[in-house]
1. Given (1) modelled with pLDDT of 90 or more; (2) closer than 18 Å to VAL91 by Cβ; (3) not aromatic (Phe, Trp, Tyr), identify the lone condition not met by ASP175.
2. Since LEU199 meets every condition but one in (1) free of Cβ contacts under 8 Å to residues at least 12 places away in the same chain; (2) under 20 Å from the mean Cα position of the chain (by Cα), which condition does it not meet?
3. Tell me which residues, restricted to region 138-158, are open to solvent by less than 50 Å² (accessible area, probe 1.4 Å) and not in a helix (DSSP H, G or I).
4. Inside region 142-172, can you point out the residues that are over 20 Å from the mean Cα position of the chain (by Cα) and touching a residue at least 60 places away in the same chain (Cβ under 8 Å)?
5. Restricting to region 113-130, and then to whatever is of a type in the set (D, E, K, R) and open to solvent by 80 Å² or more (accessible area, probe 1.4 Å), can you tell me which residue is farthest from ASP159 (Cα to Cα)?
6. Picking from TYR148, TYR136, TYR155, which residue would you name as being over 17 Å from VAL91 (Cα atoms) and of a type in the set (Phe, Trp, Tyr)?
7. Within region 173-193, restricting attention to residues that are without any contact (Cβ under 8 Å) to a residue 24 or more places away in the chain and part of a loop (DSSP other than H, G, I, E, B), which residue is least open to solvent (accessible area, probe 1.4 Å)?
Amino acid sequence: MQNAAIKQESTSSAAIISIAPWLRTAAKQVPQQKVNAPILDDAYIQNKETSHTPVEPLTIQEVTLLRNYFFSNGDYFKSMPTNRRNYLYVVLSLNLMRRCGDMIRLRVCDVLQEDGTFRDHVIFNEEKTGKRAVVYLNSKCKEALAEYFQYIETYRMSDWLFPNYKKPGEHMTVDGMRKMLQRTCEKLGLEIHIGTHSLRKTIPHMVISNSNNTEDEATISQLLNHSNIRTTYHYIGRNQQELDNFVERNAL
């Protein structure tokens, strides 16, 4: 019969618990349970990207560089349908402030009416939260959309607004858009931790950082469909310099 697996030895000061060597060896020999590896889907990748290493919002200068890269750097870029599509994605994502998963599911009918005029609002049924968001289609969005539709010339109401040109009939994925932004920033020499949420965060970060009006903050929080302003503060993130400046400004 084997010795007891666990012994308790008393000393003058405390009880010492010891585990028998044979039990330690047996524990190491228990096979690790494993199942088939799960699919790394877009929602998981996006959540991992934003949860563990928060992405940064863009500055005005970085926004200008991105826009110019996709649209203004010569005839080659202007003639590429992927760059036209990516330009539109950047402009709409910045101004509509929606999650990429909701943006890539937009169709032509979500922004255009049957007579070719633009809708005033884009309606989103958010995939992540189940909430409904009605967002104004501002002049910058309409300009980018007009340029895009004039370029592609022929389109159906049911077409994806952000098609995957490598997979006809499908729209772009969240991971595809994230990689596109990362490649672009690398080419531009921008040292920024960018993801699709960087575009959604940019205007809220600028507004809250530059405004002393609590109404502006409340409006931004409402536009993002956040339950309260604290969620918005956490979402946009405050870098260390901003925190340091706040502490200094409010020194007693």
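1. Failed condition: (2).
2. Failing condition for LEU199: (1).
3. ASN138
4. GLU147, TYR148, TYR151, ILE152, TYR165
5. Once the filter is applied, the top-ranked residue is LYS128.
6. Result: TYR155 is the single residue among TYR148, TYR136, TYR155 that is over 17 Å from VAL91 (Cα atoms) and of a type in the set (Phe, Trp, Tyr).
7. GLY189
The values are calculated or read from the model by the stated rules, or taken from the named source; none is laboratory data. This is a predicted model, so every value here is computed, not measured. Using ideal geometry, Cβ is built from the backbone for each residue, glycine included, and neighbour counts are taken over all protein chains shown. The protein model used for the area step is the full one, side chains on, heavy atoms only, and it has no ligands, DNA or RNA in it. Shrake-Rupley method; radii C 1.70, N 1.55, O 1.52, S 1.80 Å.
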